[in-house]
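Have a look at this one.
Only the coordinates and a few stated rules stand behind these numbers; no lab work does. Quantities reported herein were computed from a predicted structural model and do not represent experimental measurements. Glycine also receives a Cβ, built like all others from the backbone with ideal geometry; neighbour counts cover every protein chain displayed.
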Amino acid sequence: MSDETSYQAQRNRMVEDQLISRGIDDEHVLAAMRTVPRHRFVPPEQRHMSYADCPLPIGHGQTISQPYIVALMTELLELMGGEKVLEVGTGSGYQAAVLAQLAGEVHTIERHAPLAEAARLALTAIGVTNVSCHIGDGSSGLPEQAPFQAIIVTAAAPRVPQPLLDQLNRHGRLVLPVGGIGGQVLELWVRRDEKFDREAIIPVAFVPLRGHLGWSEHSENPDEW
């Protein structure tokens, strides 16, 4: 069996055992998770764990999220195709690659330049053409590209940054983890004109969102922005 055939078999098992069994049922999301080669976004020393049911370190204190969390956050966005999406926290680029299968245009922003460049190269290598990688403070969003039909934040904020809400289009959806550095709740925000509906989804544990409207560089106090 070739390596690529083996990896495809691992992806299929990942979808069956980790996603469908936990209630992920959006066929477009499941197809994207079967298609995107997660192992291409994992450091070589971690590649044997690419499809395991856990997050993995990717350097700079960041991680590639557990496959189930990637699928759940993507499903919550309810993408129909053609949307403009913002991802805050590019990391490895894997989440952006999944979003690229479902949306028309994806903008992803990362504060660590080496991670952003590695993600860009990985996305290019697998033929993704509808993702734009940006370097900067994602806690303030990407106002020059707003509005967005969907925003996904892959790091934990002490509270929802107002600019991200402001950059949502009418009926736009925002998914992000909110809470302390030790643990958070995944939240879904949906824009209803000038008001927002908020729903708590599940407890999660993400690395902190650093930046002007996230956690300060060394702080663990949510009042120190």
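Amide H of His60: which non-local residues (sequence gap of 5 or more, or other chain) have their own amide H closer than 5 Å, using H built in the peptide plane?
Answer set, sorted by chain and number: none.
Right, another one. Name the long-range amide H neighbours of Ile151: under 5 Å, sequence gap of 5 or more, or other chain; modelled H, no Pro or chain starts.
Leu86, Arg173, Leu174, Val175
Net charge within 11 Å of Leu213 by Cβ-Cβ distance, Lys/Arg positive one each and Asp/Glu negative one each, not counting Leu213 itself?
+1
Right, next: Along each of its three principal axes, how wide is the spread of alpha-carbon positions in the range 24-127, in whole angstrom units, largest first?
Extents along the principal axes, in whole Å: 35, 26, 23.
I would also like to ask the following. In vacuum, with every alpha carbon of the range 53-204 counted as one equal point scatterer, what does the Debye formula give for log10 I(q)/I(0) at q = 0.08, 0.14, 0.18, 0.21 Å⁻¹? Two decimals, please.
Computed log10 I(q)/I(0) values: -0.19, -0.61, -1.06, -1.50.
Can you find, among Ser140, Ile58, Ile202, the residue sitting farthest towards the positive end of the charge dipole of the chain, where Lys and Arg contribute +1 and Asp and Glu -1 at Cβ?
Sorting the options by dipole projection puts first Ile58.
Using DSSP to call loops (not H, G, I, E or B), can you name the trypsin sites (Lys or Arg not before Pro) in the range 80-179 whose Cβ has at most 13 other Cβ atoms within 10 angstrom?
Arg159
What dipole magnitude, in Debye to the nearest 20, does the range 61-220 give about its Cα centre under +1 on Lys/Arg Cβ and -1 on Asp/Glu Cβ?
The dipole magnitude comes to about 60 debye.
Can you give the net charge of the other residues whose Cβ lies under 14 Å from the Cβ of Leu102, counting K and R as +1 and D and E as -1?
With Lys, Arg at +1 and Asp, Glu at -1, the net is -4.
Report the net charge of residues surrounding Thr90, where surrounding means a beta-carbon distance below 12 angstrom and charges are Lys +1, Arg +1, Asp -1, Glu -1.
The answer is -1.
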